[in-house]
Amino acid sequence: MGNLFLKEKENWWAWLLWSLIGASLSFYSSYVTEQVHYLFIPASFLLFGLTWWMNYSKRYEFSRAFKVLLFVGSISFAPLLYTQNYALDELTKLFVDTGFVFLSLTLVSLMGALIAKRPKQYY
């Protein structure tokens, strides 16, 4: 029957550690390359790796996987906005870039949560 009545709790310290690893990879890649579209690759690979692990363990439902991936991704994608230099007259560009980063983060987390969700159990 699995864990039918057992409510699993998240270990947010472990997810914070993974998100800090993703943030350090993103921060390092921002100094290695100057191309903006290459900056999404390290954090995205980290999210896809976590998605694969969640799918392999089959213990995560959709909402739980989405929360975890959104948390890890939001901290992992944060250095992308920090490393870009914006002048005061480019505030609209900052808002557009921030919106694009959060929209792409939401889409990647949504796709990952759909892949990582556990299959329905029939009793």
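Residues are listed down the side, and each one gets a yes or a no for (1) charged (D, E, K, R); (2) assigned to a helix (DSSP H, G or I); (3) under 19 Å from THR98 (Cβ atoms); (4) out of contact with any Gly (no Cβ under 8 Å at 6 or more places or on another chain):
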{"site": "GLY22", "(1), (2), (3), (4)": "no, yes, yes, no"}
{"site": "GLU34", "(1), (2), (3), (4)": "yes, no, no, yes"}
{"site": "SER44", "(1), (2), (3), (4)": "no, yes, yes, yes"}
{"site": "LEU50", "(1), (2), (3), (4)": "no, yes, no, no"}
{"site": "TRP53", "(1), (2), (3), (4)": "no, yes, no, yes"}
{"site": "ARG59", "(1), (2), (3), (4)": "yes, no, no, yes"}
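Is one or more of the residues making up the stretch 3-12 assigned to a helix (DSSP H, G or I) and either among the small types (Gly, Ala, Ser) or in contact with a Ser or Thr (Cβ under 8 Å, 6 or more places away or on another chain) (or both)?
Within the stretch 3-12 (the criterion being assigned to a helix (DSSP H, G or I) and either among the small types (Gly, Ala, Ser) or in contact with a Ser or Thr (Cβ under 8 Å, 6 or more places away or on another chain) (or both)), the answer is no, since none of the residues qualifies.
On the basis of being surrounded by fewer than 13 Cβ atoms within 10 Å (Cβ to Cβ), modelled with pLDDT of 90 or more, of a type outside the set (Asp, Glu) and under 16 Å from GLY112 (Cβ atoms), does TRP18 make the cut?
no
Looking at the stretch 46-97 only, could you name the residues that are open to solvent by 40 Å² or more (accessible area, probe 1.4 Å), of a type in the set (Lys, Arg) and under 17 Å from the mean Cα position of the chain (by Cα)?
LYS67
Within the stretch 98-117, is there a residue that is of a type outside the set (A, V, I, L, M) and crowded, with 19+ Cβ neighbours inside 10 Å?
Yes, the stretch 98-117 has at least one match.
The values are calculated or read from the model by the stated rules, or taken from the named source; none is laboratory data. These numbers come from a predicted model, not from an experiment. Please note: Cβ atoms are built from the backbone with ideal geometry, for glycine as well, and neighbour counts cover all protein chains shown. Note: areas computed on protein heavy atoms with side chains; ligands, DNA, RNA excluded. Shrake-Rupley method; radii C 1.70, N 1.55, O 1.52, S 1.80 Å.
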